[in-house]
Amino acid sequence: MSSSAKGYAASSSTDALTLIKFRLKDLLPDEVEVAIDHCGLCGTDLSYIKDKFQITEYPFIGGHEIVGRVVKLGTNVTDLSLDQKVGIGFYRGFCNSCSFCNSGNENLCSSKESTIASHGGFSDKIRVQGKACIKIPDTMNYKNVSPLLCAGITVYSPLVEYNVSQSSKVAVIGIGGLGHIAIMFLKKWGCEVTAFTSTESKKADALHFGADRAIGTYDTDQKTHYNEYFDLIFNTIEEDLNWNELLNLLKPNGRLHFLGLPRNKISFDIINLLRFQKTISASIVGSPSRISNMLNFASKNGISPETEHFHFSDINKAISRLKDGKIRYRAVLSWNN
């Protein structure tokens, strides 16, 4: 059973997005149809629009931070109900038979399907596996949830994955769409948080979001004061930094964790790692069950992203502001603003 939908699509890597109509694929027994109310705009969407990874198929409808209501149920879906408020993140489906799917790590499934592999959330409807839908707590601000489905889980997942202690000293490099949410989660986790930013005006913002202190990213003298100080460093930016200098800021057994994708290949002095058993790691998003846990944690602790809201008809304006680094701090698109 198929039906029509509409969405904002890029017809090439350089064109503005335009509204098009398209046919939804047939609803499978394990799938649901969701009427989309809100969708976050993420830097990853821009990368796909520009075909940064050389895999984009046009016309391309991005959007992977989706909030909406279930309007159709596949015959095998029993844990969701009509009109239920749900969120959909970067993945829309999984094989549900591999060892990762069977252990609650669906985000590592080699057959997972990204939400934007076939028309994503810049539309009014979407069909995905019921398993990919996360129930939204009633206590959350419905209009503000969408950035948590990508940025929120991206910063939350390593806290769980690496058993980050409440007494950990953590640095966040970059106070943008990802970094400002990282500060919120880390502070509510119980950590001591130091923000590093190259933008002077963002220092006050970082303190507002909960950071204990804010330091200039390129302030070498001030950074040297924190040599061997941090248990964990979150890098959230695309800029190329002095990676060995960052490693110097870690305690023995400390971890430099990448949440952002640097522009160029990175290199490290292996001695810097060997001498004090330091670790370099990276991750992106998380499984549906972990996203659910993240939303519950955010709801319990009053975590809500700083957002700017746009009607879908203003999507190109929102994209322009994001490209220019003017969004403070996540953009949310809505059909009814």
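The values are calculated or read from the model by the stated rules, or taken from the named source; none is laboratory data. Note that the structure is a prediction, hence the values are computed from the model and not measured. Please note: Cβ atoms are built from the backbone with ideal geometry, for glycine as well, and neighbour counts cover all protein chains shown. Areas reflect the complete protein model, heavy atoms only, side chains present, ligands, DNA and RNA absent. Shrake-Rupley method; radii C 1.70, N 1.55, O 1.52, S 1.80 Å.
You will find that of Val160, Val172, Val128, the residue that is over 27 Å from Asp324 (Cα atoms), in contact (Cβ under 8 Å) with a residue 60 or more places away in the chain and open to solvent by less than 10 Å² (accessible area, probe 1.4 Å) is Val128 and no other. Looking only at residues in segment 286-337 that are open to solvent by 50 Å² or more (accessible area, probe 1.4 Å) and part of a loop (DSSP other than H, G, I, E, B), the one that is nearest to Asn96 (Cα to Cα) is Gly302. Among residues belonging to segment 264-285 that are in contact (Cβ under 8 Å) with a residue 12 or more places away in the chain and among the charged types (D, E, K, R), point out the one that is surrounded by the most Cβ atoms within 10 Å (Cβ to Cβ). By that ranking, first place goes to Lys278. Could you count how many residues in segment 96-141 are within 20 Å of Val77 (Cα to Cα), under 18 Å from the mean Cα position of the chain (by Cα), among the hydrophobic types (A, V, I, L, M, F, W, C) and not in a loop (DSSP other than H, G, I, E, B)? Number of matching residues: 3.
For the subset of segment 178-209 comprising residues that are at pLDDT 95 or above, in a loop (DSSP other than H, G, I, E, B) and open to solvent by 20 Å² or more (accessible area, probe 1.4 Å), which member is nearest to Val160 (Cα to Cα)? Result: Gly190.
Within segment 1-12, can you find the residues that are surrounded by fewer than 20 Cβ atoms within 10 Å (Cβ to Cβ) and at pLDDT 95 or above? Lys6, Ser11, Ser12, listed by residue number. No other residue among Leu250, Leu241, Leu259 is open to solvent by less than 70 Å² (accessible area, probe 1.4 Å), over 23 Å from the mean Cα position of the chain (by Cα) and not acidic (Asp, Glu) apart from Leu250.
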